[in-house]
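To keep things clear, I will list the structure first and then write my remarks on it.
The values are calculated or read from the model by the stated rules, or taken from the named source; none is laboratory data. It should be emphasised that the depicted structure is a prediction, and the values quoted were computed from it without experimental measurement. Counting neighbours? That spans all protein chains shown, and the Cβs are built from the backbone with ideal geometry, glycine included. Accessible surface is based on the protein model in full, side chains and every heavy atom, while ligands, DNA and RNA are left aside. Shrake-Rupley method; radii C 1.70, N 1.55, O 1.52, S 1.80 Å.
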Amino acid sequence: MRIVLGVGGGIAAYKAVLLLRVLREAGHSVRVVPTPTALRFIGRPTWEALSGEPVTADLFDDVDQVAHVEIGRRADLVVVAPATADLLARASAGRADDLLTATLLVATCPVLMAPAMHTQMWQHPATVANVATLRSRGVHVLEPADGRLTGTDSGPGRLPEPEEILTAALGLLRARDLADRDVVVSAGGTREPLDPVRFLGNRSSGRQGIALASTAAARGARVTLVAANVEAPLPSGVEVVRVETADELRAAVLAAAVRADVVVMAAAVADFRPTSTAAAKIKKTPDGAPPVIELVQNPDILAELAADRPHPGQVVVGFAAETGDGSATVLEHGRAKAVRKGADLLVVNAVGDGRGFEVTTNDVTVLDGAGRVVTGASGTKEQVADVVWDTVLARLAQTSPSPS
Ligand code: CTP
């Protein structure tokens with residue numbers, strides 16, 4: 001495989017030399033792309049001698065070969081080690097001010113970043129936000145190791161050992177298990193307009209759906225993300241269709257589903273919409289009588305997808321955000337919904353009290369169409385998404401074996 005090893009300008013660059021060796025020993029060809037600052041720590045001859053390939057750091061070297069496009073396009077994996085605070089910031093902002101950041105913008109393969117910096121820099125809200133942005137786009141950012149840092153300090157911020165980075169890198173190279181699959185993911189929450197300024201909406205941030213889209217793309221799938229009013233940053237490398245209402249979401253999902261192997265309905269769809277939308281802003285009346293808003297039920301898109309599949313092997317996945325109540329627990333509500341909806345899998349999570357919506361972690365139980373527990377997952381929304389795709393893949397293996 002062709003690996004691009006991006007090296008950031010930090011003291012841990014010396015460990016990237018060892019990483020280069022283990023990547024080469026594992027049989028991969030490695031193109032090293034240091035930042036100009038990284039070359040102040042470890043010089044070009046070291047990288048060239050150990051990789052056996054030319055090394056450039058500047059966009060103005062080898063201009064005739066349009067190096068960043070060529071290097072990014074041909075890569076099967078990009079590993080960035082050390083990913084300094086500055087490099088994480090530039091990558092999350094989409095800067096292209098050196099060959100490495102420009103290459104990152106061109107690459108569509110998986111990207112693995114191994115951060116290294118002082119603890120305060122790692123824990124600074126700016127770095128935390130940059131890492132969250134990169135992860136939401138499908139970039140795999142390792143946690144730094146905890147231990148001795150430069151000088152006398154110690155804490156989280158050490159570059160993970162080369163063997164650990166190698167293991168993560170090899171895992172990503174193996175994990176293109178959704179290659180050649182078409183998937184559709186809906187995310188966010190629909191808004192049903194009452195008048196030009198008001199709507200009936202819900203609290204879905206869209207993060208779980210976005211994590212499903214970005215992890216599927218990282219695993220090689222062609223992804224259509226139908227995004228309803230999402231707040232979180234959208235991943236790169238996926239086709240995004242923006243929608244507002246349940247009707248628009250239904251049209252977009254049904255259109256994309258025609259060629260899909262998998263449809264995942266992670267969006268929170270409004271069950272009801274106003275019968276009509278007022279053309280002008282609804283005003284208070286002089287007598288203080290509240291307006292009567294008549295609602296009509298929206299179509300159940302998930303049930304429709306499950307009942308009417310464009311091809312028999314298609315796997316349909318629903319989500320159920322539940323709160324327990326006097327009549328049933330979260331799981332009991334989930335079981336009843338799994339049977340009612342007819343989807344192959346239903347991912348059930350408890351919401352309310354700071355769980356599920358508007359948070360970055362999730363705790364779910366995956367049920368099959370008969371309401372039986374298939375598996376559970378908890379962790380970041382990306383980790384949950386990976387478990388959902390693992391479960392979907394097991395289904396696909398039964399219903400529609402891999403095209404490749
Ligand atoms: N869903 C849908 N169309 C709707 C409502 C929901 O496709 N009109 C999908 C959601 O995207 C999700 C699943 O159905 O995948 C469950 O959504 P949820 O709101 O929990 O279910 P409801 O059918 O609304 O059930 P209830 O309100 O009775 O809990």
Give just the number: which of (1) closer than 19 Å to residue 186 by Cβ; (2) modelled with pLDDT under 95; (3) open to solvent by 40 Å² or more (accessible area, probe 1.4 Å); (4) within 11 Å of the ligand (Cβ to nearest atom) does residue 358 not satisfy? (4)
Residue selected from the range 141-167 under the condition under 30 Å from residue 238 (Cα atoms) and surrounded by fewer than 16 Cβ atoms within 10 Å (Cβ to Cβ), by the criterion farthest from the ligand (Cβ to nearest atom): 164
Residue list for the range 173-194, filter: open to solvent by less than 50 Å² (accessible area, probe 1.4 Å) and assigned to a loop (DSSP other than H, G, I, E, B): 175, 178, 179, 181, 190, 194
If you scan the range 58-84, which residues turn out to be surrounded by fewer than 20 Cβ atoms within 10 Å (Cβ to Cβ), of a type in the set (Val, Ile, Thr) and in contact (Cβ under 8 Å) with a residue 12 or more places away in the chain? 69
Determine, yes or no, whether residue 370 is modelled with pLDDT of 95 or more and either open to solvent by 20 Å² or more (accessible area, probe 1.4 Å) or not in a strand (DSSP E or B) (or both). yes
For residues that are open to solvent by less than 30 Å² (accessible area, probe 1.4 Å) and in a helix (DSSP H, G or I), scanning just the range 23-57, find the one that is farthest from residue 150 (Cα to Cα). 51
State all residues of the range 216-251 that are free of Cβ contacts under 8 Å to residues at least 60 places away in the same chain, part of a helix (DSSP H, G or I) and buried (at least 21 other Cβ atoms within 10 Å of the Cβ); if no residue qualifies, say none. 246, 250
Residues of the range 261-275 classified as more than 14 Å from residue 229 (Cβ to Cβ), under 24 Å from the mean Cα position of the chain (by Cα) and open to solvent by 20 Å² or more (accessible area, probe 1.4 Å), total: 1
Working only within the range 228-255, note down all residues that are within 14 Å of the ligand (Cβ to nearest atom) and farther than 18 Å from residue 198 by Cα. 249, 250, 251, 252, 253, 254
